[in-house]
Amino acid sequence: MTTIEVNYPEIYVQTTGIIKQLYGPDASFRDGQYEAIEATMTKKRVLVVQRTGWGKSLVYFVCTKLMRQKSKGVTMVVSPLLVLMENQIEAATKMGLKCDVLNSSVKDRREDILDSLEKDELDLILVTPETLFSDDVQKRLKNIKIGLFVIDEAHCISDWGHDFRLEYGNLKAVISSLPDTVPVLATTATANNRVIKDLEKQLGNNVFVSRGSLTRDSLSIQILEMPDKIKRYAWILENINKLPGSGIIYCLTQRDCDYLCDFLVKNGISARAYYSRGTEDGELLNKQIEEEFKNNEIKVIVATIKLGMGYDKGDIAFVIHFQMPSNIVSYYQQIGRAGRNIERAYTFLMFGKEDEDILNYFIGTAFPTEKEATSIMEYISDNDGVKLYQINSALNIRKTRLDKAISFLMHDGFIRKEKTTYFATPKPFFYDREHYDAVTATRIGEMEQMKNLANTKSCYSKFVVECLDDPNSYNCGHCANCLGREILPSEPSFDSLRKAEEYVNGLIIEIEPRKRWVYSDVTESKSIPIPNQKGLCIAKYGDPGYGELVKRDKYGKHQRFCDELIGKSVSLLRPFIEELGITHLTCVPSLRSDIVIDFSKRLAESLGITFTELLQKQSASQQKEMQNSSHQCSNAMRSFSLVEGVDIPEKILLVDDVVDSKWTLTVCGHLLSEGGCLEVYPFALADSSQKEI
């Protein structure tokens, strides 16, 4: 440890006393910790950039202790993740601090917590940016005495950072409004020179930067080129029990979390899927999973980046990346979950062509397009107050894209929201194409860095920290490249490959029925009188196995689905139709191709049931051009009708090749029910819907 330069003896004596009281008489600071504490107590603006596990939270816990002894106000910590908050509350309580949280999980106590803050009864409050900028908190903020303002995971402020968040971007306004006497501390483990420069600018003049070595000596890295999911499933199954302790597998999408977790559980591995579930019950489930993982009751959590920043479990023994992260800083952040309080932890990064396709999609959709932003602004400006469903109905923009664009427009001050209604502000609209293009170019360059990491022959650890602009990089000596050998064999056994292939090819995907119409120009938002029954699908579009066959045949030169897809469909559907007594099959018609009707006739013949044409298609826009539910529903309504003069059976199997929004199947099923059918059972070869991070 380097010698500590003490400029304020009183602070040093008080601080060391706190540390020794907590951790014992032999306890001492890690390099840079005391300097960061002293700077926070005296220099007012501090940026701490230190590796994961260094102890950044200790800095503001100790500062809080000192400030409360001097009757200063509450420490307000803005933190992005609920799981991070729970870890920090536990640590702060051990230090004798009276603390609480303000986030979506404490709705029933929210007023009581705000009352306690106004009465200065809390030492520390952890708050999400969304909650901080809510109307009720903003109204009461002027009555809350703030002694220290902390921004945890501060790279979220910078849109040059790997995880920029719009709500975090608003924090610069809070910083600028704070009195000079209130210190501001920003902490992060993942900031390169570009992000640090931006953060210094946002924090104000004379920022003290505490920056240390980023190398994590406890981590051993191996990188695995895996062309498809089947091989990745097989490798994980073969090797996960060879790894000590418990760990995390990171996936890019929720769908991959669900499938991989299910595969592991079915093969005897204790695993749980973890991601943003969007409901109160879902978050309660996540809390339960966190507790099980903390107590080592499960081998592995299969997670999206929701279990990323700041998650603190000291004995995580391994991290596996099922797909390649978008950039080096995300990768460093995620492998940093492992090996905090143990001597050795292992990390494995899988990569292949599919990963690049997913990452390019994320990069390409990070910002609203000029067309999206302009059309939304024009619609809101032309109408005196509009609801979200009205914008959705008026504009053919995907719901997730619409929400993103509105968030950007509100963040930039072009529109405002009163309760559930949006209005244009007097601020002239301007689309900042130059800035968006610059950030996009940076992110493409960062993805290239990840590809270079995957292919480097030099030390993986050294490569990573050099990308983070760490001037103190060195060869770690225990990654696969330094060792000159694989840590674990990269080729799974035939038996593991067989199990993985059987699982992927045996997936049965349910088609959940839509039960309500959406607001559109041809429907009202009300219940569908007789909704479809739950349907079935044999694959995810494009996935290894049957999903690849559907993609190949749908646009192949022969315009015919292969016999293998017929065979798989028959094996799935035969017991289903026999149990339900289904004797007839119809299909979704098309004006552009006969591939679905050909498949349906062959399928009906193989199943021994009757094929009948009950639906007809009118000339209309292609359904794939419709971007949201309102337009998809309207277009489907205009596209189909019943064939006149045919008898409609009481039960029918409704067949299509690919299902996405489910509005085509919903409308066709509704038409059949209006014609007298009592039960419509949808079936599609592949599901192309996306389940986001």
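The values are calculated or read from the model by the stated rules, or taken from the named source; none is laboratory data. Here the structure is a predicted model, which is why all the values come from computation and not from measurement. Because the Cβ atoms are built from the backbone with ideal geometry, glycine has one as well, and the counts that use them run over all protein chains shown. What goes into the accessible areas is simple: the full protein's heavy atoms, side chains included, and nothing from ligands, DNA or RNA. Shrake-Rupley method; radii C 1.70, N 1.55, O 1.52, S 1.80 Å.
Within the stretch 530-545, which residues are at pLDDT 90 or above and not in a strand (DSSP E or B)?
ILE530, PRO531, ASN532, GLN533, LYS534, TYR541
So for the stretch 402-411 (the condition being among the charged types (D, E, K, R) and within 30 Å of ALA173 (Cα to Cα)), does at least one residue qualify?
So the first thing to find is which residues in the stretch 402-411 are among the charged types (D, E, K, R), and the list is 403-404.
Still in the list and also within 30 Å of ALA173 (Cα to Cα): 403-404.
Scanning the stretch 402-411 turns up at least one residue that is among the charged types (D, E, K, R) and within 30 Å of ALA173 (Cα to Cα).
Can you tell me how many residues in the stretch 349-373 are among the hydroxyl-bearing types (Ser, Thr, Tyr) and in a loop (DSSP other than H, G, I, E, B)? Please lay out each step first, then the result.
Restricting attention to the stretch 349-373, the residues satisfying the condition of being among the hydroxyl-bearing types (Ser, Thr, Tyr) are 361, 365, 369.
Subset that is in a loop (DSSP other than H, G, I, E, B): 365, 369.
Count: 2.
Any chance the stretch 336-348 includes a residue that's within 30 Å of VAL265 (Cα to Cα), in a strand (DSSP E or B), aromatic (Phe, Trp, Tyr) and open to solvent by 40 Å² or more (accessible area, probe 1.4 Å)?
Our first condition is that a residue be within 30 Å of VAL265 (Cα to Cα); within the stretch 336-348, this holds for 336-348.
Those still in the list that are in a strand (DSSP E or B) too: 345-348.
Still in the running and aromatic (Phe, Trp, Tyr): 346, 348.
When the remaining residues are screened for being open to solvent by 40 Å² or more (accessible area, probe 1.4 Å), the result is 346.
For the stretch 336-348, residues within 30 Å of VAL265 (Cα to Cα), in a strand (DSSP E or B), aromatic (Phe, Trp, Tyr) and open to solvent by 40 Å² or more (accessible area, probe 1.4 Å): present.
How about the stretch 349-372: which of its residues are open to solvent by less than 70 Å² (accessible area, probe 1.4 Å), at pLDDT below 90 and among the aromatic types (Phe, Trp, Tyr)?
Passing the criteria: only PHE362.
Please list, ordered by residue number, the helices (runs of 4 or more DSSP H) wholly in the stretch 549-651 having 3 or more residues that are touching a residue at least 24 places away in the same chain (Cβ under 8 Å) and among the aliphatic types (A, V, I, L, M).
Fully inside the stretch 549-651 and qualifying: 563-580, 595-607.
Just checking, how many residues over the stretch 406-429 are in contact with a strand residue (DSSP E or B) (Cβ under 9 Å, 6 or more places away or on another chain), open to solvent by 30 Å² or more (accessible area, probe 1.4 Å) and not in a loop (DSSP other than H, G, I, E, B)?
5
Suppose we keep only residues that are of a type in the set (A, V, I, L, M) and not in a loop (DSSP other than H, G, I, E, B) within the stretch 161-182. Which one would you say is modelled with the lowest pLDDT?
Checked the stretch 161-182; the qualifying residue modelled with the lowest pLDDT is LEU166.
If you go through the stretch 373-400, how many residues are in contact with a helix residue (DSSP H, G or I) (Cβ under 7 Å, 6 or more places away or on another chain), open to solvent by 30 Å² or more (accessible area, probe 1.4 Å) and closer than 21 Å to PRO426 by Cα?
Looking only at that region, the number is 1.
Of the residues that make up the stretch 366-378, is at least one within 17 Å of the chain's Cα centre (by Cα) and farther than 30 Å from TYR519 by Cβ?
Pass one, the stretch 366-378, residues within 17 Å of the chain's Cα centre (by Cα): 366-367.
From what's left, farther than 30 Å from TYR519 by Cβ: none.
No: the stretch 366-378 contains no residue that is within 17 Å of the chain's Cα centre (by Cα) and farther than 30 Å from TYR519 by Cβ.
Would you point out the residue of the stretch 121-145, among those that are assigned to a helix (DSSP H, G or I) and touching a residue at least 24 places away in the same chain (Cβ under 8 Å), that is most open to solvent (accessible area, probe 1.4 Å)?
Going through the stretch 121-145, the residues assigned to a helix (DSSP H, G or I) turn out to be 129-132, 135-141.
From what's left, touching a residue at least 24 places away in the same chain (Cβ under 8 Å): 129-132, 136-137, 140.
Details: PRO129: 4, GLU130: 95, THR131: 10, LEU132: 2, ASP136: 49, VAL137: 3, ARG140: 37 Å².
Of everything passing the filter in the stretch 121-145, GLU130 is most open to solvent (accessible area, probe 1.4 Å).
I'd like to verify a number: residues in the stretch 464-503 that are farther than 21 Å from TYR233 by Cα, free of Cβ contacts under 8 Å to residues at least 12 places away in the same chain and under 31 Å from the mean Cα position of the chain (by Cα), how many?
Of the residues in that region, 1 qualify.
So which of MET637, MET626 ends up being buried (at least 18 other Cβ atoms within 10 Å of the Cβ) and closer than 21 Å to GLY675 by Cβ?
MET637
Would you confirm, using the coordinates I've provided, whether VAL150 is open to solvent by less than 10 Å² (accessible area, probe 1.4 Å) and not in a helix (DSSP H, G or I)?
Working: open to solvent by less than 10 Å² (accessible area, probe 1.4 Å): yes; not in a helix (DSSP H, G or I): yes.
Yes, satisfied.
Filter the stretch 203-236 down to residues that are of a type outside the set (Lys, Arg) and either under 25 Å from the mean Cα position of the chain (by Cα) or crowded, with 21+ Cβ neighbours inside 10 Å (or both), then give me how many there are.
Qualifying residue count, the stretch 203-236: 18.
Is there any pair linking a residue in the stretch 85-107 that is on the phi > 0 side of the Ramachandran plot to one that is among the acidic types (Asp, Glu) and crowded, with 17+ Cβ neighbours inside 10 Å, with Cβ under 9 Å and at least six apart or on different chains, and which?
Between residues of the stretch 85-107 that are on the phi > 0 side of the Ramachandran plot and residues that are among the acidic types (Asp, Glu) and crowded, with 17+ Cβ neighbours inside 10 Å, the close pairs are GLY96/ASP123.
Could we say that LEU285 is modelled with pLDDT of 85 or more, among the hydrophobic types (A, V, I, L, M, F, W, C) and either part of a loop (DSSP other than H, G, I, E, B) or buried (at least 17 other Cβ atoms within 10 Å of the Cβ) (or both) here? Spell out how you get there, then give the answer.
Details: modelled with pLDDT of 85 or more: yes; among the hydrophobic types (A, V, I, L, M, F, W, C): yes; either part of a loop (DSSP other than H, G, I, E, B) or buried (at least 17 other Cβ atoms within 10 Å of the Cβ) (or both): no.
It is false that LEU285 is modelled with pLDDT of 85 or more, among the hydrophobic types (A, V, I, L, M, F, W, C) and either part of a loop (DSSP other than H, G, I, E, B) or buried (at least 17 other Cβ atoms within 10 Å of the Cβ) (or both).
Test ASP403 against the stated conditions and say whether it is out of contact with any Cys (no Cβ under 8 Å at 6 or more places or on another chain), among the acidic types (Asp, Glu), surrounded by fewer than 20 Cβ atoms within 10 Å (Cβ to Cβ) and not in a loop (DSSP other than H, G, I, E, B). Talk me through it step by step, then tell me what you get.
Values: out of contact with any Cys (no Cβ under 8 Å at 6 or more places or on another chain): yes; among the acidic types (Asp, Glu): yes; surrounded by fewer than 20 Cβ atoms within 10 Å (Cβ to Cβ): yes; not in a loop (DSSP other than H, G, I, E, B): yes.
Spelling it out, ASP403 is indeed out of contact with any Cys (no Cβ under 8 Å at 6 or more places or on another chain), among the acidic types (Asp, Glu), surrounded by fewer than 20 Cβ atoms within 10 Å (Cβ to Cβ) and not in a loop (DSSP other than H, G, I, E, B).
Among the residues of the stretch 580-613, count how many are among the small types (Gly, Ala, Ser), open to solvent by 50 Å² or more (accessible area, probe 1.4 Å) and under 21 Å from GLY567 (Cβ atoms).
2
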